Amino acid sequence: MSMGNMAIARRSSAKAIILLGLALLSCVADGVSRGHLFRASARRSVADTRKVFDVTAFGAKTEDQMKGGKSTAAGGVKLDLPSLPGDEKVDDEKVDDEKMDSSEEEAGPGEAGPGEGPSDDNASAFIKTWVAACRGNYSGPTKVLIPKGTFMTGPVIFQGPCTSSKEPILVEVEGYVKASTDLSLYASPEWFTFEMVDGLIVTGAGTFDGQGESTWKSNGCKDKSSCAQAPSSLKFNKVNNTLVERITSLNSKFFHAHIYGSSNLTMNNVHISAPGDSPNTDGVHISSSTNVKVLNSVIGTGDDCVSIGQGTHDVLVSNITCGPGHGISVGSLGKRIDDKSVSQIHVSNCTFRNTTNGARIKTWAAESAGEASDITYENIVMDQVQNPIVIDQNYGKKKTKPGTGPAGGAQSKWKISNVHFRNIRGTSSRNIAVSLQCSSSNPCDGIEMADINFSYLGAAIKDTALTTECYNAKIAPKGVQIPPLCR
């Protein structure tokens, strides 16, 4: 090759490298845009260029400061979250999704939230911080910081849309945030609400403590029939492109996290804890949402670890340790006439310990009709689970004795089809390891049971045989079936 040709080749190579570099920079820039599909455990750059908006700069005070002392630099209360024993509890009704919709207007800069007192001073300060970071005078990437310390607050609404930047707004929680126990402060049943935000990251080593102990017995009032709905700790209402990671939610008054009307939301590496007898403290409740992932987390509650409600599609629940609690459930579905169908639900690589249920699908025998389809539970380990595999299309009816068949009367109009239970193994603490009670007027179709293997590990000494019960279900068995599957 001549010297001229060699120079041309070097220039061409250099040009290719420059073009490749520009293409990579373009990809990186696109990756942090508001519409980016966040990867779980995504780490922000060490050289984070976000402007920090600290809630204490907007008037938030720690409990020590409220008492006249110094700020709690140690980060509030140190948590000890052991694996709690599983306590049996009958499911209560889920709250109507309509009641969970937030309709409260956000307080603007300089406006206080509802009520008076220190907790509402902090709520106002939190909201002012958000407004400044989300759509204030600053133009560029922003971060709301809740620093170390213990903060008491009433209801808080972080509302979009945000205009400060095309990059996701980041909320970093390093402190210990406690919910007010005064239910009169909650005009709607939520404590912390994120709504109408496109591009959101909630992260940090901090804790949201719902202080639900004060409300669990009667939701805070003596006459339960007229009792206002207790607030969920975290509400994600109509948010898109969201990552929630590392945070702890403790002792919610109602749901720990409620995801409603949202898309492309990932919860990863979160810790959710409440006692096994705490009512309606679902870990994560998802409704009317698409493309939701709940990953790599430890969840122990008094209700479902994860519940997947009406109108929800394309959900992945993976690598969850569940217990105590009522399992990971699709439903309940069909209580309300306008409940919408559910599809493409995938639950995998999860462990259930001392839960009342494991893999469960539940529908009401009511006027509502819909479909629950394309549902997979696979690679599941059960450790002393009372009801490892359940399809219950008589949810809400008085339970019959085990082995006597489903309750009579009205049948569910919901169609359950294309359901896969694969490679599910472990121990059952009751004799019926598999219970498929489908609707006689709308039988279950395409129920695959592949490699099911349970042994008995319960309190009974004599009656230790395991069995299955199947009603109105068209089943396709494959591989190992222990106990033998009913036909």
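Only protein heavy atoms count here; on that basis, with a 1.4 Å probe, TYR471 has an accessible area of about 70 Å². Here the 3J(HN,Hα) profile of the stretch 294-307, calculated from phi with Karplus coefficients 6.51, -1.76 and 1.60 at θ = phi - 60°, is 10, 9, 6, 9, 10, 10, x, 9, x, 9, 5, 5, 9, 10 Hz, Gly and Pro shown as x.
Couplings 3J(HN,Hα) for the stretch 350-362, derived from phi with the Karplus relation 6.51 cos²θ - 1.76 cosθ + 1.60 (θ = phi - 60°), are 10, 10, 10, 10, 6, 9, 6, 9, x, 8, 9, 10, 9 Hz, where x marks Gly and Pro.
Calculated FRET efficiency, LYS166 to THR464, Cβ-Cβ distance, R0 = 51 Å: about 0.25 to the nearest 0.05.
With a simple spin-label model that places each label point 7 Å from the Cα along the Cα-to-Cβ direction, the separation between ASN349 and ARG246 comes to 2.1 nm.
The heavy atoms of LYS148 present about 120 square angstrom of accessible area, all protein chains included, probe 1.4 Å. Indicate the gyration tensor shape class of the stretch 325-395 (rounded, prolate or oblate), computed on the Cα atoms with a ≥ b ≥ c the square roots of the eigenvalues: a/c under 1.5 is rounded; otherwise a/b larger than b/c is prolate and the rest oblate. Cα axes put the stretch 325-395 in the oblate bin. Of LEU183, LEU436, the residue with the largest accessible area leads and the full order is LEU183, LEU436 (1.4 Å probe). The modelled label-to-label distance for the pair ASN379/ASP314, using points 7 Å beyond Cα in the direction of Cβ, is 2.2 nm. Taking every protein chain into account, the 1.4 Å probe leaves ASP64 with about 60 Å² of accessible area, to the nearest ten. When GLU367, GLU469 are compared by accessible area at a 1.4 angstrom probe, the order from most to least is GLU367, GLU469.
Comparing ALA460, HIS420, SER441 along the charge dipole axis of the stretch 366-487, the residue lying farthest to the positive side is ALA460, per the Cβ-charge model.
Sorting ILE286, ILE475 by accessible area puts them as ILE475, ILE286; the probe is 1.4 Å, largest comes first, and only protein heavy atoms count.
The modelled label-to-label distance between ILE337 and ASP64, using points 7 Å beyond Cα along the C-beta direction, is 5.8 nm.
Note on LYS51 and ALA187: with the Förster distance fixed at 25 Å, the Cβ-Cβ geometry gives a FRET efficiency of about 0.20. Remark: for residue pairs LYS178/LYS235; LYS61/LYS253; LYS61/LYS128; LYS238/LYS413; LYS253/LYS415, the C-alpha separation exceeds 25 Å in LYS238/LYS413; LYS253/LYS415.
The values are calculated or read from the model by the stated rules, or taken from the named source; none is laboratory data. Note that this is a predicted model, so its numbers are computed, not measured. Positions of Cβ are generated from backbone atoms using ideal geometry, with glycine treated the same way; all protein chains shown enter the neighbour counts. These accessible areas exclude ligands, DNA and RNA; they are computed on the full protein's heavy atoms, side chains included. Shrake-Rupley method; radii C 1.70, N 1.55, O 1.52, S 1.80 Å.
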